[in-house]
Amino acid sequence: MPRESVAGGIAIIVDVLRASTTIVTALEAGATFVKPVVEVEEAQRLRSSSGESWLLGGERGGIQIPGFDLGNSPAEYCRSAVDGRGIVMTTTNGTLAIERCLAAEMILVGSFLNRNAVAREAVLLASNQGIDEIHLVCAGTNGYKTEEDFLGAGSIIHAGVSESSRNHLLDSESEKASTEFFRVVDGSSDAQSQLVESFRQSLGGRNLIELGMESDLILAAAMDQCCLVPCLCSKTGRLVSFDTL
Ligand code: MLT
């Protein structure tokens, strides 16, 4: 994705398995901020400059980076581990996607956990600030599109765009994402299990199953668990809850 394609718009970063789910979970559990960085060395340098008070989190190849406090499983970012702490995070795809969107007017983080809240906030911001475009940016895996991010983007579109506006507001890819999400969960009394089933077939899901981290699929499929919307503060480069900005 060319960096300039999001310039002036709102970018919602979607890395359902797992960076965006984990960032939402961390802030919801009381972390004061998540500072996303691309390189491991940069994360280590920032932590040292904090007098070792910030936590280091992230993965390479899905596995916790040696010397880091936390990996990239949302389960690790519980209140007892992160409440009141700043976190420097680097992941293979998610934090890279954030860095690639720095030309956007505003960067938000979306997942199934906060899909309604992030959709609402983005639509409101766009209308209050006269911003014309909202971009759903799927992080993917190592340059490949992944089904779980496509579904995540579709669920946010589904939450944010009314049925009647769909035809004239959405490009064909967004329309497809929204329809695909609807197809997966429609008519199901148990949307979470349907999603987990779809994750199992997806590239990101298969990788996590191979690593023995299948339980993260269930956490990532917990729709509408919270109202928190992570937003990148342009002054500090930190992700914080939108309402504290
Ligand atoms: C990433 O940001 O690259 C992913 O979330 C990868 C992972 O969690 O394994």
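Structural remarks
- In summary, the lysines within cross-link reach of K35, defined as a Cα separation below 23 angstrom excluding same-chain residues under 8 places away, comprise K235.
- DSSP-defined beta bridges in the chain - what % are antiparallel, rounded to 5: 30 percent
- Of all lysines in the structure, the ones whose alpha carbon falls short of 18 Å from that of K145, not counting any fewer than 8 places away in one chain, are K176.
- Simple point charges give the picture: +1 on the Cβ of Lys and Arg, -1 on the Cβ of Asp and Glu, and for region 123-245 a dipole about the Cα centre of about 320 debye.
- Residues of region 1-115: accessible area per residue with a 1.4 Å probe, Å²: 35 Å²
- Entry note, the chain: the mean residue ellipticity at 222 nm calculated from DSSP H runs of n ≥ 4, each adding -39500 (n - 2.57), is -12500 deg cm²/dmol after division by the residues and rounding to the nearest 500.
- A protection proxy built from the mean count of other Cβ atoms within 10 Å ranks the segments 102-114, 224-236, 70-82, 18-30, most packed first, as 18-30, 102-114, 70-82, 224-236.
- Local net charge near L208, Cβ-Cβ under 11 Å (Lys/Arg +1, Asp/Glu -1): -2
- Residue-count net charge about A43 - beta-carbon cut-off 15 Å; Lys, Arg +1, Asp, Glu -1: -1
- With all protein chains in place and a 1.4 Å probe, the accessible surface of region 30-74 carries 53 percent carbon and sulfur.
- Take every Cα pair under 8 Å whose residues are at least 6 apart in sequence, average their separation, divide by the length of the chain, and the relative contact order is 28 percent.
The values are calculated or read from the model by the stated rules, or taken from the named source; none is laboratory data. Predicted model, so just to flag it, every value in this text is computed and none were measured. As a convention, Cβ positions derive from the backbone with ideal geometry for all residues, glycine included, and neighbour counts pool all protein chains shown. Please note that ligands, DNA and RNA were not included when accessible areas were found on the heavy atoms of the full protein model with its side chains. Shrake-Rupley method; radii C 1.70, N 1.55, O 1.52, S 1.80 Å.
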